[in-house]
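Comments concern the structure below.
The values are calculated or read from the model by the stated rules, or taken from the named source; none is laboratory data. Only a predicted model underlies this, so the values are computations on that prediction, with no experimental measurement involved. Cβ coordinates were reconstructed from backbone atoms using ideal geometry, including for glycine residues, and neighbour counts include every protein chain displayed.
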Amino acid sequence: MRIRYPAHAGTFYESSPSSCRFQAQRLIDQALPADDFDQLYGGIVPHAGWIYSGKLAAAVFKALAQDAMKTVVLLGADHTGSAGIGEVFDSGVWRTPIGEAQVDADLARELIASAGDMLRSNPEAHTDEHSLEVQVPLIQVLVPSAKIVPILVPPIALSVDIGAAIGKVLAGRQGVKVVASSDMTHHGGARFPAPGGRGEAGEKWSRENDRRLIELVEGMNDASIVPETRAHQNACGAGAIAAAIAATRQMGASRGVLLEYTNSFEIVHGIYPGEADDTTVGYAAILFA
């Protein structure tokens with residue numbers, strides 16, 4: 001059996017079983033409640049360390065768990081490089097401090113077969129990528145029996161076709177959700193450009209930069225996601241976002257609903273007023289309904 005071991009436990013989230021479970025449950029309890037929806041098809045979650053964005057990710061999965069979530073097709077950002085197609089972890093388990101999450105191998109293979117040369121089996125591509133790993137313990141706490149299908153999606157125009165192919169397979173199936181993992185604008189600090197200036201000016205600029213992308217997601221404008229992010233650098237998982245929109249539209253979604261938005265500047269400076277670091281990374285929790 002193929003096992004994907006946790007690569008980021010102890011950095012992005014707690015590494016001991018008890019602490020990881022406690023932290024995940026606390027985030028779920030703190031998550032903002034979602035409105036009542038007739039049907040939920042998926043969402044978008046951030047993937048920073050849990051202290052920054054875990055509550056937003058938990059809010060999305062909490063809402064989906066209340067809508068018969070049995071399998072989650074996880075569409076991830078690929079921070080380590082891409083072959084230009086979707087990379088699928090198609091069988092085995094993902095191990096976390098909490099336990100093992102089973103990959104839905106039958107569904108994974110069906111998706112690969114339906115997508116032609118747009119998806120391929122490549123578990124090794126997932127070895128060090130954190131964008132999906134940080135989501136799995138939240139799913140395990142909410143729905144311990146839930147299965148996953150992890151897919152890394154490149155930030156290219158083909159991502160829309162990848163999503164559409166996935167959605168055609170999933171249309172009409174109960175209990176399967178599609179969730180994209182992406183942070184938003186990365187601005188300032190020591191690592192990122194600061195076109196909006198420093199401090200609060202940079203935070204305001206980042207928030208406005210993210211709003212442009214969020215409006216495209218709310219309008220289910222999948223074809224504009226990758227061009228928008230190339231022009232304005234406001235998502236690291238543009239391919240995952242575009243694919244999730246295309247997939248959930250095929251499944252029946254007609255709109256994106258923003259549950260909550262924040263950023264690292266707001267969080268850090270709320271805890272430590274006067275903090276010198278002015279890095280701003282945007283985080284959004286969005287549902288597809």
Residues that are in a helix (DSSP H, G or I) and in contact with a Leu (Cβ under 6 Å, 6 or more places away or on another chain), drawn from the range 119-134
Ala125
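Tell me the helices (runs of 4 or more DSSP H) entirely within the range 207-283 that contain at least 1 residues that are free of Cβ contacts under 8 Å to residues at least 60 places away in the same chain.
Values: elements: 225-232, 238-251, 264-271.
The helices (runs of 4 or more DSSP H) meeting that bar are 225-232, 264-271.
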Look at the range 270-289 and say how many of its residues are more than 13 Å from Val45 (Cβ to Cβ), out of contact with any Lys or Arg (no Cβ under 9 Å at 6 or more places or on another chain) and buried (at least 18 other Cβ atoms within 10 Å of the Cβ).
1
When the range 150-161 is checked residue by residue, the ones that are within 16 Å of the chain's Cα centre (by Cα) and within 15 Å of Asp117 (Cβ to Cβ) are Ile151, Val153, Pro154, Ser159
Can you name the number of the only condition in (1) touching a residue at least 40 places away in the same chain (Cβ under 8 Å); (2) surrounded by fewer than 24 Cβ atoms within 10 Å (Cβ to Cβ); (3) more than 13 Å from Ile3 (Cα to Cα); (4) among the aliphatic types (A, V, I, L, M) that Leu132 fails?
(2)
Assuming Ala194 fulfils every condition listed in (1) at pLDDT 95 or above; (2) surrounded by 17 or more Cβ atoms within 10 Å (Cβ to Cβ); (3) touching a Phe, Trp or Tyr at 6+ places or on another chain (Cβ under 9 Å) apart from one, which condition is it?
(1)
Mind telling me which of the residues Asp183, Asp161 ends up being touching a residue at least 40 places away in the same chain (Cβ under 8 Å), among the charged types (D, E, K, R), in a loop (DSSP other than H, G, I, E, B) and under 21 Å from Asn221 (Cβ atoms)?
Asp183
Tell me the residue from Ala115, Ala77, Ala108 that is of a type in the set (A, V, I, L, M, F, W, C), farther than 19 Å from Gly175 by Cβ and in contact with a Ser or Thr (Cβ under 8 Å, 6 or more places away or on another chain), please.
Ala77
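Are any residues in the range 79-95 crowded, with 23+ Cβ neighbours inside 10 Å and under 17 Å from the mean Cα position of the chain (by Cα), and if so, which ones? Walk me through it before giving the result.
Within the range 79-95, the subset crowded, with 23+ Cβ neighbours inside 10 Å is 86-90, 94.
Hits for the range 79-95 are Gly86, Glu87, Val88, Phe89, Trp94.
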Which of the residues that make up the range 175-191 are modelled with pLDDT under 95 and either of a type in the set (Lys, Arg) or surrounded by fewer than 24 Cβ atoms within 10 Å (Cβ to Cβ) (or both)?
Gly189, Ala190, Arg191
Look at Ala180 and say whether it is within 27 Å of Trp50 (Cβ to Cβ), more than 16 Å from the chain's Cα centre (by Cα) and not hydroxyl-bearing (Ser, Thr, Tyr).
no
Subset of the range 149-168, residues in contact with an Asp or Glu (Cβ under 8 Å, 6 or more places away or on another chain), surrounded by fewer than 24 Cβ atoms within 10 Å (Cβ to Cβ) and among the β-branched types (Val, Ile, Thr), comes to Val160
Tell me which of these Met69 doesn't satisfy, since it passes every other one: (1) out of contact with any Leu (no Cβ under 6 Å at 6 or more places or on another chain); (2) crowded, with 20+ Cβ neighbours inside 10 Å; (3) within 26 Å of Thr280 (Cβ to Cβ).
(3)
